[in-house]
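Notes follow once the structure below has been shown.
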Amino acid sequence: MSNRESRPLRLVVIGGGSGVSQVLLGARASFDGLTGVITVTDTGRSTGVARAIAAMPAPGDLRNTLAALAREPDSLLARLMQHRFCSPAVPALDGMAFGNLMIAALTQLTGDFGEAVETVSQLLGCTARILPVSTVDAQLCAEREDGSAAEDELAVRAVGQAPLRRLYLSPPDAPANPDVLEAIAEADVVALGPGSFFTSVMATLLFDGLVAALRQTRAAVAFICNTTTQPGQTDGFSLLDHVRRLVDLLGPGTLDAALISRSEQISPHVVAQYAADGLHLLHPSDDQLAAIAALGVAPLVRDLTEVTTSKRTLWNKQDTIRHDPALIGMALLKIALDRAG
């Protein structure tokens with residue numbers, strides 16, 4: 001918690017599990033109220049099985065965030081939430097995260113996905129409020145540039161397909177969590193991302209009421225730009241393309257700032273390792289920054305990257321060049337103070 005004597009500052013971070021948790025961890029020293037709003041449309045292997053068990057929204061990104069924000073991240077319960085079964089004899093459970101099953105069980109027990117998430121948060125003593133963007137079991141779908149359709153999140157992010165033209169939900173009127181809309185209304189800063197651009201950041205904004213809440217909030221709305229492109233989602237995208245797609249969805253005047261990392265300290269060896277896997281460094285030119293400003297979005301350029309000497313290997317997903325949580329936290333605090341001043 002902050003020791004400032006001014007009124008409490010509230011931060012809301014919207015996106016996927018890994019990105020949101022890192023931003024929240026970095027902002028703990030600067031903001032008095034922290035809320036993570038987490039995507040619920042993932043259909044990946046472990047999460048997809050858990051969704052089928054309880055006919056519920058996706059628990060995986062929520063599980064990651066809850067475990068990361070636990071009061072004692074190394075406690076037995078926090079580690080148990082992240083434990084994956086090694087079960088080759090039962091393929092459906094092989095690689096399953098225990099926390100996904102726990103959330104599924106609590107959803108069946110209580111009949112309420114939101115209550116299940118809140119129960120886990122209380123058990124872990126989370127240091128931020130973690131909310132599902134919606135408690136409705138909705139699927140992320142997309143129309144591609146070639147006219148083909150993708151009818152779940154796994155298909156939306158499939159590699160080697162035509163670029164994504166438009167995202168939508170099934171059902172199309174799936175409502176946002178009312179607690180999320182209230183948090184946005186009371187926030188001083190709302191941060192979007194970082195994370196998978198279409199399947200985490202943009203996906204959360206599709207739920208009914210979310211865009212309207214962002215348009216109406218008094219908070220500064222900032223996009224924490226990704227450091228690299230992502231295969232199957234943003235192949236060939238520039239940073240300008242990311243910002244333009246967000247502005248198209250949110251409408252003019254809603255997105256106030258784009259936090260952009262531009263670093264000369266990233267090892268060329270690391271950049272080459274990621275590029276070999278189709279993740280290309282987003283290093284904006286001055287012309288791109290001017291074009292972002294012309295959209296009404298202030299480009300805030302900093303060195304925000306975490307120093308690393310090699311590419312990480314994650315379970316069943318790709319890593320990227322990560323932001324430094326403390327630097328992100330300080331940048332968001334400056335946005336809040338500038339807004340207040």
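Every read-out reported here was derived from the displayed coordinates using simple, explicitly stated rules and does not represent laboratory data. Computed from a prediction, not measured in an experiment: that's the story for all the values here. Note that we place each Cβ from the backbone using ideal geometry, even for glycine, and neighbour counts take in every protein chain shown.
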(message) Computed from the coordinates I sent, mean projected area of the Cα convex hull in nm² equals one of (1) 22.8; (2) 17.2; (3) 14.7. Tell me the label.
(response) (2)
(message) As a test, work out the antiparallel percent of DSSP beta bridges whose residues both lie in the chain, rounded to the nearest 5.
(response) 30
(message) Restricting to Cα pairs below 8 Å that are 6+ residues apart, what does the relative contact order work out to for the chain? Please round to a whole percent.
(response) 18
(message) Using only DSSP helix segments of four residues or longer, with each worth -39500 (n - 2.57), what per-residue ellipticity at 222 nm results for the chain after dividing by its residue count and rounding to 500?
(response) -11000 deg cm²/dmol
(request) Would you give the gap between the C-alpha center of the stretch 1-75 and the C-alpha center of the stretch 274-289, rounded to a whole Å? (result) 27
(request) Evaluate the distance, in nm, between pseudo-label points positioned 7 Å from the Cα of SER267 and of ASP94 along their respective Cα→Cβ axes. (result) 3.3
(message) Sort 125-133, 169-177 by the packing proxy (mean of other Cβ within 10 Å over each peptide's residues), most packed first.
(response) 125-133, 169-177
(request) Can you tell me which of 192-198, 58-64, 275-281, 298-304 comes out highest on packing, and rank the rest after it, using the mean Cβ neighbours within 10 Å? (result) 58-64, 192-198, 298-304, 275-281
(message) Tell me whether the stretch 42-132 comes out rounded, prolate or oblate; compute the Cα gyration tensor, take square roots of the eigenvalues as a ≥ b ≥ c, and use a/c under 1.5 as the rounded threshold.
(response) oblate
(request) Specify the residue with the greatest mean-square fluctuation among ALA291, ALA257, ALA97, computed from a Gaussian network of the chain linking alpha-carbon atoms under 10 Å apart. (result) ALA291
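Taking the inverse of the average 1/r across all pairs of different Cα atoms in the stretch 129-183, what Kirkwood radius in Å do you get? Let's see the in-between values first.
On the way: mean 1/r = 0.0802 Å⁻¹.
Mean inverse Cα-Cα distance, inverted, gives 12.5 Å.
Note the full-extension length gain between GLU182 and SER87 as 0.36 nm times their separation in residues minus their Cα-Cα distance, in nm to one decimal. Walk me through the numbers on the way to the answer.
Working: separation 95, 0.36 × 95 = 34.20 nm, distance 4.19 nm.
Residue separation times 0.36 nm, minus the Cα-Cα distance, leaves 30.0 nm.
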